[in-house]
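Novice: Okay, handing you the structure first.
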């Protein structure tokens, strides 16, 4: 047995509810985040992502439920809890009339960094976000990519254990996106990060865990490596003009299960990374089954996402997280 | 407490980085300089006759007090423009999450914003004070009366700023904040116009009026009642602003 690693839980939300009048934006959401986690929060527009993040960061009071950050209750000890959070909202909260240096010094002071250590904190945050040499530039004159970096620098300036980023790569060019993703991955090493996004490949690239949020609840939650395994464990779709009995197909080496789909179509399940496509083709030629189609079926995160978020009544499904 | 000064310093800095603050300073100074010179001119005309009178009003009564009195009216128009952006602009530009996510209480946010804008108001008072003080070059002034007047002006501006900060906390549009601040201030300024004929009501309304309490101070009378009125006025509106920010967090 591998010893269970000590998980240092930094952010915990229990039974979060948020009502806007009659409308329920977040309904009973639970969340747990440990050091080293990069949690990808996925969801269609209006799913309650931003409301959730607002509640986790103390910008919005939940109608019910509680949030604990690094052991401090956000309601009972807001000062200690908020000191442990860095937040980049969807729109970076920048003062356009200030220079990058002035702005970051202000953020550092706001987050309670002692005057003597402000310069050091600003230098470090700027170096981490690739802002060297920009100290004297006016924020209003920066490109969107650099403004986004200043926004991230603001979120990590006090080295908070929990960093929450709401769509940090929106509107950036591909190179900037790569740099920001690299930065997020790096942050994940010694912080706990929540990354809200609706760019699915981004989640696959950067995150260690995925949760899909729909209609204010978590409808799907999985660790990234478990997800990779599930997605890779594939199937072949075949269409045959003269299909044999399913048993004949099941006899082909490498095929684990056969699902007839009607009209000569079959789904052949196989182990991850061991596609029996070649054997199937050979068997089809030998048996004269008339092979019309042979396609590997790959479930993508996108498929999972679409299935879950377009279903009428999504049944909550949880997997090993 | 340190964070309050941080917020105040940022506020003051942003104010002076916008052309609005400089324009307000310039325009107010121009108008008051004109009033000051006009007042001084009429004093010069009557100076000879006044010298013959026993117990005649001095230059402080004829020049300085009226200018300080009028300054409050000019600033009643100008101060909503200075205070309108305090919170409304942050809400419009979506920079409030920066303050809400930081380990800072709503009271500290409001106090910081208020102190920041009061820094600007003190600059205004300082500039206005320079005009009467320039008379010291050629004569003497009743410095006590001048000090009382300037204290009154500072308190009136403090009241204007508190009301403006509250109005700014209500909206995401600075112009709306400016208009409603102006409306509120004007109403409280002239509230004693009504009910003058009725004995009890007129008296009560006069006690509420910003103007009545100011008049005393400009005349050189510093009484605890007037000071208490301004302090309560300021604390009342700052309290409302804190409540408003809290409610926003609760209500969304």
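The values are calculated or read from the model by the stated rules, or taken from the named source; none is laboratory data. A quick note: this is a predicted structure, and the numbers were derived from the prediction, not measured. Reconstructed Cβ throughout: ideal geometry from the backbone, glycine too, with neighbour counts over all protein chains shown.
Novice: Is there a residue in region A:12-27 that is under 16 Å from the mean Cα position of the chain (by Cα) and either within 14 Å of chain B (Cβ to nearest Cβ) or under 25 Å from residue A:169 (Cα atoms) (or both)? Spell out how you get there, then give the answer.
Specialist: Start the filter on region A:12-27 by keeping residues that are under 16 Å from the mean Cα position of the chain (by Cα), which leaves none.
There is no residue in region A:12-27 that is under 16 Å from the mean Cα position of the chain (by Cα) and either within 14 Å of chain B (Cβ to nearest Cβ) or under 25 Å from residue A:169 (Cα atoms) (or both).
Novice: Shifting gears a bit: What residue, among those in region A:28-56 that are part of a loop (DSSP other than H, G, I, E, B) and surrounded by fewer than 21 Cβ atoms within 10 Å (Cβ to Cβ), is farthest from the other protein chains (Cβ to nearest Cβ)?
Specialist: Among those that are part of a loop (DSSP other than H, G, I, E, B) and surrounded by fewer than 21 Cβ atoms within 10 Å (Cβ to Cβ), it is A:36.
Novice: Looking only at region A:109-123, count every residue that is within 9 Å of chain B (Cβ to nearest Cβ) and either surrounded by 20 or more Cβ atoms within 10 Å (Cβ to Cβ) or at pLDDT 95 or above (or both) and tell me the total.
Specialist: 3
Novice: Also: Condition first: under 29 Å from residue A:216 (Cβ atoms), more than 7 Å from chain B (Cβ to nearest Cβ), modelled with pLDDT under 95 and part of a helix (DSSP H, G or I). Can you find one or more residues in region A:57-64 that meet it?
Specialist: Applying the first criterion (under 29 Å from residue A:216 (Cβ atoms)) to region A:57-64 yields A:57-64.
Right, trim to more than 7 Å from chain B (Cβ to nearest Cβ) and you get A:62-64.
Applying the additional criterion that residues be modelled with pLDDT under 95 yields A:62-64.
Okay, now just the ones that are also part of a helix (DSSP H, G or I), so none.
Checking region A:57-64: not a single residue is under 29 Å from residue A:216 (Cβ atoms), more than 7 Å from chain B (Cβ to nearest Cβ), modelled with pLDDT under 95 and part of a helix (DSSP H, G or I).
Novice: Might you check whether a residue that is in a helix (DSSP H, G or I) and more than 14 Å from chain B (Cβ to nearest Cβ) occurs anywhere in region A:135-142?
Specialist: Of region A:135-142, the ones in a helix (DSSP H, G or I) are A:139-141.
Filter once more, keeping what is more than 14 Å from chain B (Cβ to nearest Cβ): none.
No, region A:135-142 contains no residue that is in a helix (DSSP H, G or I) and more than 14 Å from chain B (Cβ to nearest Cβ).
Novice: Here is a list of conditions, (1) in contact with a strand residue (DSSP E or B) (Cβ under 8 Å, 6 or more places away or on another chain); (2) under 23 Å from residue B:99 (Cα atoms); (3) buried (at least 20 other Cβ atoms within 10 Å of the Cβ), and residue A:161 meets all of them except one; can you say which number that is?
Specialist: Unmet for residue A:161, out of (1) in contact with a strand residue (DSSP E or B) (Cβ under 8 Å, 6 or more places away or on another chain); (2) under 23 Å from residue B:99 (Cα atoms); (3) buried (at least 20 other Cβ atoms within 10 Å of the Cβ): (3).
Novice: Still on this structure, please answer the following. Look at region B:90-105 and say how many of its residues are in contact (Cβ under 8 Å) with a residue 24 or more places away in the chain, assigned to a helix (DSSP H, G or I) and facing another protein chain (nearest Cβ under 10 Å).
Specialist: Qualifying residue count for the region: 2.
Novice: Related question: Just to be sure I understand, how many residues within region A:242-291 are on the phi > 0 side of the Ramachandran plot and out of contact with any helix residue (DSSP H, G or I) (no Cβ under 7 Å at 6 or more places or on another chain)?
Specialist: Within region A:242-291, residues that are on the phi > 0 side of the Ramachandran plot and out of contact with any helix residue (DSSP H, G or I) (no Cβ under 7 Å at 6 or more places or on another chain) number 5.
Novice: Answer with yes or no whether residue A:81 is at negative phi, surrounded by 15 or more Cβ atoms within 10 Å (Cβ to Cβ) and either within 14 Å of chain B (Cβ to nearest Cβ) or outside any loop (DSSP other than H, G, I, E, B) (or both).
Specialist: yes
Novice: When you look at residue B:78, is it away from chain A (no Cβ under 14 Å), under 17 Å from the mean Cα position of the chain (by Cα), part of a helix (DSSP H, G or I) and surrounded by 15 or more Cβ atoms within 10 Å (Cβ to Cβ), yes or no?
Specialist: The answer is yes for residue B:78.
Novice: Can you tell me which of (1) more than 7 Å from every other protein chain (Cβ to nearest Cβ); (2) touching a strand residue (DSSP E or B) at 6+ places or on another chain (Cβ under 8 Å); (3) part of a loop (DSSP other than H, G, I, E, B) is the one residue A:92 doesn't meet?
Specialist: (2)
Novice: Kindly list, by first and then second residue, each pair from a residue in region B:195-220 that is within 29 Å of residue B:150 (Cβ to Cβ) to a residue that is surrounded by fewer than 16 Cβ atoms within 10 Å (Cβ to Cβ), limited to pairs with Cβ atoms under 7 Å and residues at least 6 apart or on different chains.
Specialist: B:205/B:194; B:205/B:195; B:216/B:223; B:220/B:144
Novice: Checking residue B:55 against (1) at positive phi; (2) within 14 Å of chain A (Cβ to nearest Cβ): exactly one of these is not met. Which one?
Specialist: Single failed check for residue B:55: (2).
Novice: Next question, about the same structure. For region A:281-308, how many residues meet the condition of being touching a strand residue (DSSP E or B) at 6+ places or on another chain (Cβ under 6 Å), closer than 15 Å to residue A:235 by Cβ and free of Cβ contacts under 8 Å to residues at least 60 places away in the same chain?
Specialist: Residues flagged as touching a strand residue (DSSP E or B) at 6+ places or on another chain (Cβ under 6 Å), closer than 15 Å to residue A:235 by Cβ and free of Cβ contacts under 8 Å to residues at least 60 places away in the same chain within region A:281-308 amount to 3.
Novice: Only one of (1) within 30 Å of residue B:62 (Cβ to Cβ); (2) more than 19 Å from the chain's Cα centre (by Cα) fails for residue B:229. Which number is that?
Specialist: Of everything listed in (1) within 30 Å of residue B:62 (Cβ to Cβ); (2) more than 19 Å from the chain's Cα centre (by Cα), residue B:229 misses just condition (2).
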